[in-house]
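Structure first, commentary second.
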Amino acid sequence: MRANYRLQRLFVDVDLAAGASIEADKNQFHYLAHVIRADEGSELLLFNGRDGEWLARLSYPTRKKITLEPVEQTRPQPPLPYLSYLFAPLKTGRMDYMVQKAVEMGVGRIQPVLTQHVQGKPAKSDRLRANIIEAAEQCGVLAVPDLDEPVKLPELMENWDADRRLIFCDEADEHQNPVTALGEIKEKKLALLIGPEGGFSDEERALLHELPFVTAIPLGPRILRADTAAVAALAVIQATIGDWK
Ligand code: SAM
(Lines give C-alpha, C1' and ligand atoms only; values in the text may rest on other atoms or scores of the structure.)
Protein backbone atom coordinates (compact mmCIF):
# COMPACT_ATOMS: atom_id res chain seq x y z
CA MET A 1 0.00 0.00 0.00
CA ARG A 2 1.44 3.42 -0.96
CA ALA A 3 1.82 6.15 1.64
CA ASN A 4 -0.54 9.13 1.94
CA TYR A 5 1.56 12.01 0.63
CA ARG A 6 -0.70 14.81 1.84
CA LEU A 7 -0.01 14.33 5.53
CA GLN A 8 3.24 15.01 7.33
CA ARG A 9 5.01 11.86 8.55
CA LEU A 10 7.03 11.70 11.74
CA PHE A 11 9.20 8.95 13.22
CA VAL A 12 8.78 8.49 16.99
CA ASP A 13 10.81 6.10 19.11
CA VAL A 14 7.95 4.99 21.37
CA ASP A 15 5.18 2.40 21.11
CA LEU A 16 2.14 3.42 19.06
CA ALA A 17 -1.37 2.53 20.19
CA ALA A 18 -4.75 4.27 20.10
CA GLY A 19 -5.12 6.87 22.84
CA ALA A 20 -1.41 7.06 23.77
CA SER A 21 -0.09 10.53 24.50
CA ILE A 22 3.30 11.16 22.92
CA GLU A 23 5.26 14.26 23.72
CA ALA A 24 7.15 15.76 20.76
CA ASP A 25 10.89 16.03 21.50
CA LYS A 26 12.81 19.31 21.12
CA ASN A 27 13.57 18.89 17.40
CA GLN A 28 10.08 17.67 16.61
CA PHE A 29 8.57 20.57 18.56
CA HIS A 30 10.69 23.05 16.62
CA TYR A 31 9.77 21.46 13.30
CA LEU A 32 6.05 21.20 14.02
CA ALA A 33 5.58 24.54 15.80
CA HIS A 34 8.04 26.75 13.94
CA VAL A 35 8.80 25.20 10.55
CA ILE A 36 5.44 23.86 9.39
CA ARG A 37 3.42 25.86 11.98
CA ALA A 38 1.04 23.01 12.70
CA ASP A 39 -2.26 24.12 14.28
CA GLU A 40 -4.03 22.64 17.28
CA GLY A 41 -5.94 19.55 16.05
CA SER A 42 -3.80 19.05 12.90
CA GLU A 43 -3.50 15.51 11.65
CA LEU A 44 -0.22 13.79 10.85
CA LEU A 45 1.14 10.27 10.46
CA LEU A 46 3.39 8.57 13.00
CA PHE A 47 5.55 5.46 12.63
CA ASN A 48 8.22 3.79 14.76
CA GLY A 49 9.47 0.94 12.54
CA ARG A 50 7.48 -1.61 14.62
CA ASP A 51 3.79 -0.75 14.93
CA GLY A 52 2.84 0.32 11.40
CA GLU A 53 1.64 3.82 10.56
CA TRP A 54 -0.85 5.75 12.66
CA LEU A 55 -3.01 8.77 12.03
CA ALA A 56 -2.42 11.11 14.98
CA ARG A 57 -3.84 14.40 16.21
CA LEU A 58 -1.65 17.19 17.51
CA SER A 59 -2.37 19.43 20.47
CA TYR A 60 -0.58 22.18 22.41
CA PRO A 61 -1.19 21.56 26.14
CA THR A 62 1.07 24.57 26.75
CA ARG A 63 2.80 27.03 24.39
CA LYS A 64 6.06 25.10 24.74
CA LYS A 65 4.77 21.57 24.46
CA ILE A 66 3.18 19.46 21.74
CA THR A 67 1.48 16.13 22.30
CA LEU A 68 0.55 13.67 19.58
CA GLU A 69 -2.31 11.25 20.04
CA PRO A 70 -2.49 8.19 17.76
CA VAL A 71 -6.10 7.72 16.59
CA GLU A 72 -6.08 4.74 14.21
CA GLN A 73 -3.63 2.59 12.31
CA THR A 74 -3.51 3.58 8.62
CA ARG A 75 -1.00 0.97 7.37
CA PRO A 76 0.21 -2.27 9.00
CA GLN A 77 3.89 -2.84 9.73
CA PRO A 78 5.59 -4.50 6.73
CA PRO A 79 8.55 -6.85 7.28
CA LEU A 80 12.07 -5.58 6.60
CA PRO A 81 13.03 -6.14 2.95
CA TYR A 82 15.44 -9.02 2.25
CA LEU A 83 17.89 -6.69 0.51
CA SER A 84 20.94 -5.41 2.41
CA TYR A 85 23.07 -2.54 1.22
CA LEU A 86 26.83 -2.74 1.83
CA PHE A 87 29.00 0.23 0.96
CA ALA A 88 32.51 1.50 1.46
CA PRO A 89 32.43 4.87 3.29
CA LEU A 90 32.63 8.02 1.16
CA LYS A 91 33.02 11.69 2.02
CA THR A 92 30.18 12.86 4.24
CA GLY A 93 27.83 14.63 1.80
CA ARG A 94 27.89 11.79 -0.70
CA MET A 95 27.46 9.22 2.04
CA ASP A 96 24.38 11.06 3.37
CA TYR A 97 22.91 11.02 -0.12
CA MET A 98 23.76 7.36 -0.66
CA VAL A 99 22.16 6.21 2.59
CA GLN A 100 19.01 8.26 1.96
CA LYS A 101 18.67 6.85 -1.57
CA ALA A 102 19.20 3.28 -0.33
CA VAL A 103 16.28 3.71 2.11
CA GLU A 104 14.07 5.12 -0.66
CA MET A 105 15.00 2.19 -2.88
CA GLY A 106 13.83 -0.31 -0.29
CA VAL A 107 16.79 -1.85 1.52
CA GLY A 108 16.28 -3.56 4.87
CA ARG A 109 19.80 -3.33 6.33
CA ILE A 110 22.67 -0.92 5.89
CA GLN A 111 26.24 -2.08 6.47
CA PRO A 112 29.36 0.11 6.09
CA VAL A 113 32.28 -2.02 4.83
CA LEU A 114 35.93 -1.09 5.18
CA THR A 115 37.88 -1.85 1.99
CA GLN A 116 41.53 -1.18 1.15
CA HIS A 117 40.95 2.03 -0.85
CA VAL A 118 38.39 3.69 1.42
CA GLN A 119 38.85 7.48 1.36
CA GLY A 120 36.19 8.74 3.77
CA LYS A 121 36.02 7.88 7.47
CA PRO A 122 33.11 5.70 8.57
CA ALA A 123 30.36 8.20 9.41
CA LYS A 124 29.13 8.33 12.98
CA SER A 125 26.25 5.92 13.37
CA ASP A 126 24.03 8.76 14.76
CA ARG A 127 24.42 10.63 11.52
CA LEU A 128 23.68 7.60 9.35
CA ARG A 129 20.67 6.80 11.52
CA ALA A 130 19.38 10.39 11.17
CA ASN A 131 19.66 10.06 7.38
CA ILE A 132 17.80 6.75 7.46
CA ILE A 133 14.95 8.25 9.47
CA GLU A 134 14.72 11.40 7.37
CA ALA A 135 14.47 9.34 4.18
CA ALA A 136 11.87 7.03 5.73
CA GLU A 137 9.79 10.05 6.84
CA GLN A 138 9.94 11.60 3.39
CA CYS A 139 9.18 8.47 1.40
CA GLY A 140 6.64 6.74 3.58
CA VAL A 141 8.96 3.81 4.32
CA LEU A 142 7.67 2.00 7.44
CA ALA A 143 10.28 -0.77 7.63
CA VAL A 144 13.15 1.39 8.89
CA PRO A 145 16.42 -0.32 7.86
CA ASP A 146 18.74 -1.68 10.55
CA LEU A 147 22.20 -0.12 10.70
CA ASP A 148 25.28 -2.27 11.35
CA GLU A 149 28.69 -1.25 12.68
CA PRO A 150 31.45 -0.91 10.04
CA VAL A 151 33.32 -4.14 9.36
CA LYS A 152 36.36 -5.06 7.28
CA LEU A 153 35.59 -6.80 4.00
CA PRO A 154 37.53 -10.07 4.69
CA GLU A 155 35.88 -10.43 8.10
CA LEU A 156 32.45 -9.83 6.60
CA MET A 157 33.10 -12.50 3.96
CA GLU A 158 34.33 -15.01 6.56
CA ASN A 159 31.11 -14.71 8.56
CA TRP A 160 28.73 -14.52 5.59
CA ASP A 161 25.34 -16.27 5.70
CA ALA A 162 25.63 -18.54 2.64
CA ASP A 163 21.85 -18.32 2.00
CA ARG A 164 22.23 -14.64 1.11
CA ARG A 165 23.47 -13.87 -2.40
CA LEU A 166 25.99 -11.04 -2.49
CA ILE A 167 25.73 -8.90 -5.63
CA PHE A 168 29.02 -7.13 -6.09
CA CYS A 169 29.28 -4.20 -8.55
CA ASP A 170 32.56 -4.83 -10.29
CA GLU A 171 33.84 -1.81 -12.19
CA ALA A 172 36.35 -4.07 -13.99
CA ASP A 173 33.68 -6.44 -15.36
CA GLU A 174 34.12 -6.54 -19.14
CA HIS A 175 30.41 -7.00 -19.84
CA GLN A 176 27.91 -4.13 -19.78
CA ASN A 177 24.51 -5.55 -18.94
CA PRO A 178 23.76 -6.76 -15.39
CA VAL A 179 20.36 -8.28 -16.20
CA THR A 180 21.53 -11.75 -17.30
CA ALA A 181 23.65 -12.34 -14.19
CA LEU A 182 20.85 -11.09 -11.92
CA GLY A 183 18.31 -13.35 -13.67
CA GLU A 184 20.33 -16.41 -12.59
CA ILE A 185 20.03 -15.63 -8.88
CA LYS A 186 17.75 -18.05 -7.00
CA GLU A 187 18.17 -16.80 -3.42
CA LYS A 188 15.49 -14.56 -1.87
CA LYS A 189 17.93 -12.97 0.55
CA LEU A 190 20.16 -10.48 -1.25
CA ALA A 191 22.90 -7.97 -0.52
CA LEU A 192 24.45 -5.33 -2.75
CA LEU A 193 28.09 -4.29 -2.38
CA ILE A 194 29.40 -1.04 -3.88
CA GLY A 195 33.09 -0.13 -3.69
CA PRO A 196 34.75 3.12 -2.62
CA GLU A 197 35.67 6.02 -4.94
CA GLY A 198 39.11 4.43 -5.29
CA GLY A 199 37.53 1.15 -6.40
CA PHE A 200 38.23 -2.37 -5.12
CA SER A 201 41.86 -3.54 -4.94
CA ASP A 202 42.93 -6.45 -7.17
CA GLU A 203 43.17 -8.61 -4.04
CA GLU A 204 39.61 -7.76 -2.99
CA ARG A 205 38.25 -8.42 -6.47
CA ALA A 206 40.05 -11.79 -6.54
CA LEU A 207 38.60 -12.69 -3.12
CA LEU A 208 35.05 -11.73 -4.15
CA HIS A 209 35.24 -13.62 -7.46
CA GLU A 210 36.29 -16.83 -5.67
CA LEU A 211 33.37 -16.92 -3.23
CA PRO A 212 30.46 -19.21 -4.15
CA PHE A 213 27.78 -16.84 -2.80
CA VAL A 214 28.94 -13.83 -4.88
CA THR A 215 27.53 -12.65 -8.22
CA ALA A 216 29.57 -9.90 -9.90
CA ILE A 217 27.65 -7.46 -12.07
CA PRO A 218 28.65 -4.64 -14.42
CA LEU A 219 26.74 -1.35 -14.61
CA GLY A 220 27.21 -0.32 -18.23
CA PRO A 221 30.18 1.06 -20.16
CA ARG A 222 30.95 4.07 -17.94
CA ILE A 223 32.57 4.27 -14.51
CA LEU A 224 29.93 5.66 -12.15
CA ARG A 225 30.58 7.47 -8.91
CA ALA A 226 29.80 5.23 -5.95
CA ASP A 227 26.56 7.05 -5.06
CA THR A 228 25.31 6.88 -8.67
CA ALA A 229 26.33 3.20 -8.85
CA ALA A 230 24.30 2.48 -5.69
CA VAL A 231 21.09 3.97 -7.10
CA ALA A 232 21.60 2.37 -10.54
CA ALA A 233 22.30 -1.07 -9.04
CA LEU A 234 19.38 -0.90 -6.61
CA ALA A 235 17.04 0.09 -9.46
CA VAL A 236 18.14 -2.76 -11.69
CA ILE A 237 17.98 -5.29 -8.82
CA GLN A 238 14.49 -4.16 -7.76
CA ALA A 239 13.26 -4.26 -11.36
CA THR A 240 14.66 -7.71 -12.19
CA ILE A 241 14.54 -9.76 -8.97
CA GLY A 242 13.26 -7.35 -6.30
CA ASP A 243 10.02 -5.67 -5.30
CA TRP A 244 9.39 -3.77 -8.55
CA LYS A 245 8.72 -7.04 -10.36
N1 SAM B 1 38.36 4.14 -9.15
C2 SAM B 1 37.63 3.13 -9.85
C3 SAM B 1 38.08 3.02 -11.31
O4 SAM B 1 38.46 4.05 -11.84
O5 SAM B 1 37.93 1.95 -11.88
C6 SAM B 1 36.13 3.45 -9.83
C7 SAM B 1 35.43 3.17 -8.58
S8 SAM B 1 33.73 3.66 -8.69
C9 SAM B 1 33.88 5.37 -8.56
C10 SAM B 1 33.04 3.19 -7.15
C11 SAM B 1 32.28 1.87 -7.15
O12 SAM B 1 31.09 1.99 -7.93
C13 SAM B 1 33.00 0.69 -7.76
O14 SAM B 1 33.89 0.08 -6.84
C15 SAM B 1 31.87 -0.23 -8.14
O16 SAM B 1 31.38 -0.98 -7.04
C17 SAM B 1 30.81 0.75 -8.59
N18 SAM B 1 30.84 1.00 -10.03
C19 SAM B 1 31.03 2.18 -10.66
N20 SAM B 1 30.93 2.05 -12.00
C21 SAM B 1 30.67 0.75 -12.24
C22 SAM B 1 30.47 -0.02 -13.42
N23 SAM B 1 30.49 0.53 -14.62
N24 SAM B 1 30.21 -1.34 -13.29
C25 SAM B 1 30.18 -1.92 -12.07
N26 SAM B 1 30.36 -1.24 -10.90
C27 SAM B 1 30.60 0.07 -10.98
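Of the trypsin sites (Lys or Arg not before Pro) in segment 108-208, the ones in a loop by DSSP (not H, G, I, E or B) with at most 15 other beta carbons within 10 Å are 124, 186, 188. What the chain shows is 53 Å² of accessible area per residue, with the surface traced by a 1.4 Å probe over protein heavy atoms. In the chain, the portion of solvent-accessible area held by carbon and sulfur atoms comes to 49 percent [1.4 Å probe, whole percent, DNA, RNA and ligands not counted].
Just tell me which lysines come within less than 17 Å, Cα to Cα, of residue 189; anything on the same chain fewer than 8 places away is out. Residue 189 reaches 245.
If you run the Gaussian network model on the chain, springs between alpha carbon atoms under 10 Å, then out of 74, 62, 92 the most flexible one is 62. Annotation note: GluC sites (Glu not before Pro) in segment 24-95 located in DSSP loop regions with a Cβ neighbour count of at most 14 within 10 Å are 40. A DSSP coil position with no more than 16 other Cβ atoms inside 10 Å describes the following chymotrypsin sites (Phe, Trp or Tyr not before Pro) in segment 165-245: 213, 244.
Please report the spacing between the Cα centers of segment 13-74 and segment 98-144 in Å, no decimals. Rounded to whole Å, the Cα centres lie 25 Å apart. Assuming 1.306 mPa s and 10 °C, estimate D for the chain with Stokes-Einstein, Rh taken as the Kirkwood radius over Cα pairs, in µm²/s. Reported coefficient: 82 µm²/s. A simple charge model with +1 on the Cβ of Lys and Arg, -1 on the Cβ of Asp and Glu and nothing else charged puts the dipole of the chain at about 780 debye relative to its Cα centre.
Gain on full extension, evaluated as 0.36 nm per residue between residue 21 and residue 163 minus their Cα-Cα distance, stands at 46.9 nm. A 1.4 Å probe, protein heavy atoms only, puts the accessible area of residue 96 near 20 Å².
The values are calculated or read from the model by the stated rules, or taken from the named source; none is laboratory data. No experiment lies behind these values; they were computed from the predicted model shown. We place every Cβ from the backbone using ideal geometry, glycine too, and count neighbours over all the protein chains shown. These area figures cover heavy atoms from the full protein model, side chains too; ligands, DNA and RNA do not enter into them. Shrake-Rupley method; radii C 1.70, N 1.55, O 1.52, S 1.80 Å.
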